[in-house]
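Engineer: I'd like to ask you about the structure that follows.
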Amino acid sequence: MRISGLVFLVLCSTLLGCAIIIAPSGGEKDTSPPKVLNSEPVNYSTNFIGEQVSIEFDEYVQLRDLYNNFIISPPLPAKPEIVVRGKSVVMKFDAPLPSHTTFNFNFGNSIVDIHEGNPIENYQFVISTDSFVDSMTVQGMVIKASSLQPVKNVWVTLYDCRDYASCDSLPSKDVPKYLAKTNKEGLFRINNIQKGTYKIFALIDKNRNYLFDLPNESIGFIGNLIEAGDSSLLRLSIFDQEDGNQKVTKVWTIEPGLSKIAFKLPVDELEISAIDFSSKTRWEVVEYSANRDTIEYWNTSGMDSLKLHIRDRRYSFEDTVSVGLGHKKELSKLTLSTNVSRTKVLDIGKTLQVLTSKPLTIYDEQNI
């Protein structure tokens, strides 16, 4: 049977009108982060003298919350211009980078794919303007002193004390040499540090200038210098602003010639002078606890008690305390210990250390 042309057109029109257009299935959701294909220069390059860095990924990317993610260590006077060009992220420097320095450009989680927003987590790009890359690290945790809970988004900063006459009050005057930020668990890790000893601080920085210069900012520190590359985890306590007033919390006598004084906050610039005693020879020794919130005050004044004037410059704190020195009590004996093993053999490469139970001001080297 033959179908006329008119009937054929009517049938086609009817069938097309009843058709339902369904979008093709897209498959499973993409959860993979962007992958680096190549970069110019390559990551961990040395002798860098260029004006920009280009990093190419396997898909189109975008930058998300770069301000809160991007960290340069050591800090630069001016941050580079960072732009996206298709599948590449480009950093442009407005001046040559300082020489003999390893730079860590930490993008955090700011580089994400353009479709699903999957981040390449904690992405770091490292270049050196020297012939080698510094590789020392410092890591640890920052906790709140009042609750002992971890604190996120705290700047942890390192200062090279060789660059200064004193390590005192560095966060109020100069930007750090190295820095990092704590994560949500309060953990931090500073990478690509030059070998050496440093002063470490934890800072809640309200104006992001890496300085402790506002009344509503909080700070914490470790009293002793730390060694870059030490594998131990450091713990820094940071104090709430409302806890920022220094005071003496306890004074007590341990034995004749030894008293302890505890403070509310760690002390870094403590000055102690006796009000009712003076001597031309050295008669006192002050030792700090590990976190510097307690001091051991040793003295040979021979007095039963002393009045001490105490000053802490960091907190503009001054006070007068009386310490009972207990010279009428029985004096404990001086004891010695060494780092020599029980076999009485000192390992090759180790330095002999002699530890005393009390500070020594005079000793005869001929009898050692």
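Engineer: Note down the net charge around Val112, summing +1 for each Lys or Arg and -1 for each Asp or Glu among other residues with Cβ under 15 Å from its Cβ. Could the numbers behind the result be given before it?
Structural biologist: Details: positive: Lys29, Lys35, Arg64, Lys87; negative: Asp30, Asp58, Glu59, Asp65, Asp113, Glu116, Glu121.
The answer is -3.
Engineer: Please compute the net charge surrounding Asn224, taking Lys and Arg as +1 and Asp and Glu as -1 over other residues with Cβ under 12 Å from its Cβ. Kindly include the intermediate steps, with their values, before the conclusion.
Structural biologist: Details: positive: Lys199, Arg292; negative: Glu227, Asp230, Asp268, Glu287.
So the surrounding residues net to -2.
Engineer: Show me the ranking of peptides 232-238, 285-291, 93-99 by mean Cβ neighbours inside 10 Å, starting with the highest. Don't skip to the answer; put the middle values down first.
Structural biologist: Working: 232-238: 17.4, 285-291: 14.3, 93-99: 12.3.
By packing density, highest mean first, the sequence is 232-238, 285-291, 93-99.
Engineer: Report the local net charge at Phe93: Lys and Arg +1, Asp and Glu -1, summed over other residues whose C-beta lies under 15 Å from its C-beta. Write out the running numbers ahead of the final one.
Structural biologist: Working: positive: Lys79, Lys92; negative: Glu40, Glu51, Glu81, Asp94.
Spelling it out: positives minus negatives among the neighbours equals -2.
Engineer: Shifting gears a bit: Over what distance in Å are the Cα centres of segment 35-112 and segment 174-240 separated?
Structural biologist: Comparing the Cα centres of segment 35-112 and segment 174-240, I get a distance of 23 Å.
Engineer: If I take every Cα pair under 8 Å that is 6 or more residues apart in segment 136-242, average their sequence separation and divide by the length, what percent do I get for the relative contact order? Can you show the working numbers first?
Structural biologist: Details: 258 pairs, mean separation 40.1, N = 107.
With pairs under 8 Å counted, the relative contact order is 37 percent.
Values quoted throughout were computed directly from the atomic coordinates according to the rules given, and no laboratory measurement underlies them. Keep in mind it's a predicted model, so treat the numbers as computed, not measured. Note: ideal-geometry Cβ built from the backbone for every residue, glycine included; neighbour counts use all protein chains shown.
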